[in-house]
Each structure stands twice: as C-alpha cells, then as structure tokens.
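The values are calculated or read from the model by the stated rules, or taken from the named source; none is laboratory data. Everything numeric here is computed off the predicted structure, so don't read it as measured data. All Cβ positions, even for glycine, are placed from backbone atoms using ideal geometry, and neighbour counts span all protein chains on display.
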Amino acid sequence: MNSIKLQQAHQNLLAPYVDYFEYAATLTIKPYATIHTEYLPSLGQGFALSDDILKSTMRYFTAHLTRFLYGNDAKKLHKQHYAKPLLFFVVEGVNSYKLEHLHIALGNVPDHKKADIESIIKQAWAKCDFANQQVKVKPIYNAVGWTDYITKEIGFENNDALCIVDSVIPQVFRV
C-alpha cells in the first residue's frame with residue numbers, strides 16, 4: 001500500500017469521530033526517567049523509554065484523565081457507557097530526529113470541566129513518570145485539519161503512529 005493511501009486510511013478511521021473532537025493536546029515525553037519504588041525510595045532506578053513503557057504511560061494517563069473528568073461515575077456500571085472521554089493518541093518522533101511526543105484528540109468532556117480542561121490534562125499528565133513539562137492544549141476548531149496534522153507521519157516515518165489499541169471510544173457521546 002502506498003504511503004498516501006495508508007495515511008488516508010488512518011484519517012478515514014478517525015472520520016466518524018471528528019464531530020466529537022473538542023480539544024487538541026500535545027504532550028512531551030522524557031526519553032529517560034528515574035523511578036522511585038516503595039522498596040528503594042531514595043535510590044531510584046533509571047529507565048529508557050520503550051514501546052511498552054510508552055503504552056503503559058498512555059494507559060496510566062487515560063486512567064487519571066478519566067478519573068479527573070468523571071470521578072466515580074466512570075466506575076459505576078450504569079454510567080460507564082458515557083462516563084469516559086473520547087481519546088485518540090498519536091505518537092510522533094519515533095523514527096525521526098524529533099523528540100517523541102504524543103498528540104491527542106479529545107472529546108466527550110463534561111460541560112462543567114471544559115473551563116479547566118488544560119489544567120486537568122496537565123494534572124493527569126504530571127502523574128506519569130515519563131511526562132515532560134511541555135503540554136499544549138487548544139480547542140479544536142477544524143477537526144479534519146487536526147486529524148490530517150496528527151497523521152502526517154503515517155506512511156512515511158511511522159506507520160504505527162496512531163495507537164488504536166490505546167484509544168478510548170465511549171458508547172454514548174455527550175452532545
């Protein structure tokens with residue numbers, strides 16, 4: 001499959017959700033981190049970023065973001081169908097000269113949390129060991145343009161940039 005067709009296929013995968021994307025965020029990632037454990041709190045162990053650690057970091061961020069947005073509603077069986085964010089991750093910089101970072105497309109944010117969404121995202125990201133301090137959050141005005149931008153490496157530098165497995169899609173969207 002040629003590069004453009006692969007990129008368009010990924011954009012088509014995101015197309016049904018573009019009307020629900022509300023926020024675009026870029027999260028920077030540390031290439032190395034020292035992690036302290038309860039057994040050796042003063043002696044941290046250094047780790048380099050790997051695919052497994054990156055996937056774990058995305059899941060950890062998602063869990064905290066969900067908790068900050070929905071609280072205990074995300075745990076209640078009768079509310080789980082809507083009490084989760086719409087969230088797509090794209091990893092950029094894996095096979096290039098750039099530092100690795102995540103682009104996210106976020107939607108299904110409760111109305112009463114929208115005013116504080118930047119601080120909520122920063123707070124959830126700060127909980128992650130490999131989180132770097134630079135976080136950029138903007139409202140999405142052109143969702144198709146954002147999906148085109150975040151899929152720019154697919155087919156050229158990183159065919160696995162869109163992390164489908166780590167995406168979150170609620171059954172019911174808030175409108």
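Looking at 105, 63, 115, 143, which is the one that is among the small types (Gly, Ala, Ser) and within 23 Å of residue 47 (Cβ to Cβ)? Steps first, answer last, please.
Values: 105 fails: within 23 Å of residue 47 (Cβ to Cβ); 115 fails: within 23 Å of residue 47 (Cβ to Cβ); 143 fails: within 23 Å of residue 47 (Cβ to Cβ).
From the options 105, 63, 115, 143, the qualifying one is 63.
List, please: which pairs have Cβ atoms under 7 Å, are six or more places apart or on different chains, and start with a residue in the range 43-63 that is surrounded by 10 or more Cβ atoms within 10 Å (Cβ to Cβ) and end with one that is in a helix (DSSP H, G or I) and of a type in the set (Phe, Trp, Tyr)?
Sorted first by the residue in the range 43-63, then by its partner, the pairs are 61/125.
Output the qualifying pairs, or none if there are none: Cβ atoms under 8 angstrom, residues six or more apart or on different chains, first residue in the range 64-88 and without any contact (Cβ under 8 Å) to a residue 40 or more places away in the chain and over 14 Å from residue 104 (Cβ atoms), second residue polar (S, T, N, Q) and surrounded by fewer than 18 Cβ atoms within 10 Å (Cβ to Cβ).
From residues that are without any contact (Cβ under 8 Å) to a residue 40 or more places away in the chain and over 14 Å from residue 104 (Cβ atoms), the pairs are 74/80.
Scan the range 1-26 and report the pairs whose first residue is in contact (Cβ under 8 Å) with a residue 60 or more places away in the chain and surrounded by fewer than 18 Cβ atoms within 10 Å (Cβ to Cβ) and whose second residue is part of a helix (DSSP H, G or I) and of a type in the set (Phe, Trp, Tyr), with Cβ atoms within less than 9 Å and a gap of 6+ or a chain change.
Pairs found: 18/146.
Which members of the range 20-63 meet the condition of being among the acidic types (Asp, Glu) and modelled with pLDDT of 95 or more?
To start, the set of residues in the range 20-63 that are among the acidic types (Asp, Glu) comprises 22, 38, 51-52.
Passing the criteria: only 22.
For the range 80-112, what are the residues that are under 20 Å from residue 167 (Cβ atoms) and of a type in the set (Lys, Arg)?
Looking only at the range 80-112, we keep the residues that are under 20 Å from residue 167 (Cβ atoms), and these are 80-94, 100-110.
Across the range 80-112, the qualifying residue is only 84.
What's the total number of residues in the range 124-154 that are of a type in the set (Val, Ile, Thr) and out of contact with any helix residue (DSSP H, G or I) (no Cβ under 7 Å at 6 or more places or on another chain)?
From the range 124-154, those of a type in the set (Val, Ile, Thr) are 135, 137, 140, 144, 147, 150-151, 154; that's our starting set.
Applying the additional criterion that residues be out of contact with any helix residue (DSSP H, G or I) (no Cβ under 7 Å at 6 or more places or on another chain) yields 150.
Total satisfying the criteria: 1.
Give me the strands (runs of 3 or more DSSP E) completely within the range 73-169, filtered to those with at least 2 residues that are surrounded by fewer than 16 Cβ atoms within 10 Å (Cβ to Cβ), ordered by residue number. I'd like the intermediate steps shown before the answer.
Values: elements: 86-92, 101-107, 131-139, 162-168.
Of the strands (runs of 3 or more DSSP E) lying wholly inside the range 73-169, those with at least 2 residues that are surrounded by fewer than 16 Cβ atoms within 10 Å (Cβ to Cβ) span 131-139, 162-168.
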